[in-house]
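What follows is a single structure, written as structure tokens, with notes after it.
FYI, it's all coordinate maths here, none of it is from the lab. As the structure is a computational prediction, the values presented were derived from the model and not from experiment. No Cβ is skipped: glycine too gets one built from the backbone with ideal geometry, and neighbour counts run over all protein chains shown.
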Amino acid sequence: MVYGKGHPGHGMGRYQREAHGGNVGELFGENPDVIGIREAFEKNRISWKDIEPYFRKIAQELEESRKKGAFPGWSPEKRLANAIVVAAYLRAQNLKTNQVRKVLEMARTIELKLKKGDTDIRDDIVKTRYLLAYAVGRATGGAKHALDAFHRVLDPMLAVLMEKPDVAHFEEFYDFLQAVVAYHRFFGGGE
């Protein structure tokens, strides 16, 4: 199979193309192949460059939703598929779970607050946004790129939640965040 410049598979060696039939789209389609993705990582047959077009599409969709002041209208299946793509991209960028621990802890704190019946979460959302921005700002080297990518997908959702705190939308955000972290680990992402 021959790839043109700009195609996600461009620049991959023959051995890498055989890992997934020469088409990264077979791994990152509407229903991502999580086992195939994990095997590709285990055999070093996939890189962030392969996943980037799929990641960019998600980041762009989130930014467009933010500009409209709307939360992404993803079905649970689409939210999971997008979380898998984001997790794979972050894994390929060598994001470490401990680099986003504070953001994850803040989201858990908000979730517990909501379970107790307290729906005043605006200040918590603001704090989560600036903690995420701080993590990106203080990172160096490759970690900066990984955290910046994480910020690109989370911040648009947090921006909408900050303007319109909505319990159902926060639940969707939290589900997405948990799925990203879980699949990041599943794909071999480190602590």
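From largest to smallest, the equivalent ellipsoid semi-axes obtained for the chain from the alpha-carbon gyration tensor read 31, 17, 15 Å.
Computed 3J(HN,Hα) for the range 74-88, one whole-Hz value per residue from the Karplus formula 6.51 cos²θ - 1.76 cosθ + 1.60 where θ = phi - 60°, is 7, 5, x, 5, 5, 4, 5, 4, 5, 4, 5, 4, 4, 4, 5, glycine and proline marked x. The 3J(HN,Hα) values that the Karplus relation (6.51, -1.76, 1.60; θ = phi - 60°) gives for the range 129-143 are, in residue order, 4, 6, 5, 5, 4, 5, 4, 5, x, 8, 6, 10, x, x, 4 Hz. Gly and Pro appear as x. As a proxy for reagent exposure, ranking 97, 128 by other Cβ atoms within 10 Å from fewest up yields 97, 128.
Based only on other Cβ atoms within 10 Å, what is the fewest-to-most ordering of 130, 89? Present the calculation step by step, with values, prior to reporting the outcome.
On the way: 130 11, 89 27.
Ordered by Cβ neighbours within 10 Å, fewest first: 130, 89.
Using just its DSSP H runs of length 4 or more, each adding -39500 (n - 2.57), the chain gives a mean residue ellipticity at 222 nm of -22000 deg cm²/dmol after division by all residues. Binning all Cα-Cα separations of the range 54-93 at 10 Å, short to long from zero, yields these whole-percent fractions: 30, 52, 17, 0. The 3J(HN,Hα) values that the Karplus relation (6.51, -1.76, 1.60; θ = phi - 60°) gives for the range 155-162 are, in residue order, 4, x, 5, 5, 4, 5, 5, 5 Hz. Gly and Pro appear as x.
Estimated at 0.36 nm per residue, the fully extended path between residue 164 and residue 77 surpasses their Cα-Cα distance by 28.9 nm.
Given R₀ = 22 Å, FRET efficiency for residue 174-residue 70 by Cβ-Cβ distance, to 0.05?
Values: r = 18 Å, r/R0 = 0.82.
Plugging the Cβ-Cβ distance into 1/(1 + (r/R0)^6) gives 0.75.
Given points 7 Å out from each Cα along the Cα-Cβ axis, report the residue 49 to residue 130 separation in nanometres with one decimal. So the two model labels end up 4.0 nm from each other.
List the residues of the range 127-163 whose backbone N lies under 11 Å from a point placed 7 Å from the Cα of residue 60 along the Cα-to-Cβ direction. Hits in the range 127-163 for residue 60 at 11 Å: none. What the Cα convex hull of the range 152-191 gives, in volume per residue, is 66 Å³. The stretch between residue 108 and residue 191 holds 28.1 nm of extra length on full extension. This uses 0.36 nm per residue minus the Cα-Cα distance.
Among 75, 47, 65, rank each residue by its count of other Cβ atoms within 10 Å, from fewest to most, as a rough exposure measure. Provide the component values of the computation, followed by the final result.
Working: 75 8, 47 15, 65 18.
So the ranking, lowest neighbour count to highest, is 75, 47, 65.
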